[in-house]
Amino acid sequence: MKCRDIMSSNVETLTETDTIARAATVMRESGVGFLPIRDSKGKIIGVVTDRDLVTRGLAQGLNAKTTSAAMIMTSPALTCVADADLSAAEELMSRERRARLVVTNEDGTLAGILSVADIVEHAPKREGLRTVRSVLWREALGPRGGAAPGAPLLKDYPLAAEAAESESPPATVFSGGHHEVGTKEFP
């Protein structure tokens, strides 16, 4: 299976001159939190996320109406070509712990976006779950819920660090369903 087979091709983008305010507006209107940024030739130069808007824009007091979104973007964008094998894209997402990849044509222009949701829906299940697990550990290794400021991060606990690096799935509690085929029933 190729990335082009399951990617989303209806993607909103920004230009390198669009402002932070424009990025926030496009995200709100489109219901997305991730926008590729194109240069004047249409090549992808980076991405801006809702997290970038908050941590690099709002938290630093930048003027959203005059500051270019390119000033706060993540660059270079994590990309793969549309004809890349899906397993290579999953490996890249797992290694970099990213929930989305920008999929490009051979010339560097946007072809689409490959997300963890696309993989969960379309990829072979075992490989898809491994990718999701790797990506989600990125989010899970931050502060623990209810922890005081300055308290150790979850990643600082040995068991969490081992589980994040492990390729085998962690031990789980299984209740209901058919254990022998790996399915679970939910009420």
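Quick notes on this structure:
- Residues located in region 73-98, provided they are part of a loop (DSSP other than H, G, I, E, B) and under 15 Å from G46 (Cα atoms): M73, S75, P76, A77, L78, R98
- Some residue of region 23-46 being of a type outside the set (D, E, K, R), under 18 Å from V116 (Cβ atoms), at pLDDT below 95 and in contact with a Pro (Cβ under 9 Å, 6 or more places away or on another chain): no
- Restricting V103, V120, V47 to residues that are surrounded by fewer than 21 Cβ atoms within 10 Å (Cβ to Cβ) and either assigned to a loop (DSSP other than H, G, I, E, B) or not basic (K, R) (or both) narrows the list to V120.
- All of T66, T25 fail the test of being more than 20 Å from V103 (Cβ to Cβ) and part of a helix (DSSP H, G or I), apart from T25.
- For the residues G57, G42, the requirement of being surrounded by 13 or more Cβ atoms within 10 Å (Cβ to Cβ) and over 14 Å from A24 (Cβ atoms) singles out G42.
- Taking (1) under 20 Å from the mean Cα position of the chain (by Cα); (2) in a loop (DSSP other than H, G, I, E, B) in turn, K41 satisfies each apart from (1).
- For region 15-31, the set of residues classified as in contact with a helix residue (DSSP H, G or I) (Cβ under 8 Å, 6 or more places away or on another chain) and surrounded by fewer than 17 Cβ atoms within 10 Å (Cβ to Cβ) consists of E16, T17, listed by residue number.
The values are calculated or read from the model by the stated rules, or taken from the named source; none is laboratory data. Keep in mind it's a predicted model, so treat the numbers as computed, not measured. Counting neighbours? That spans all protein chains shown, and the Cβs are built from the backbone with ideal geometry, glycine included.
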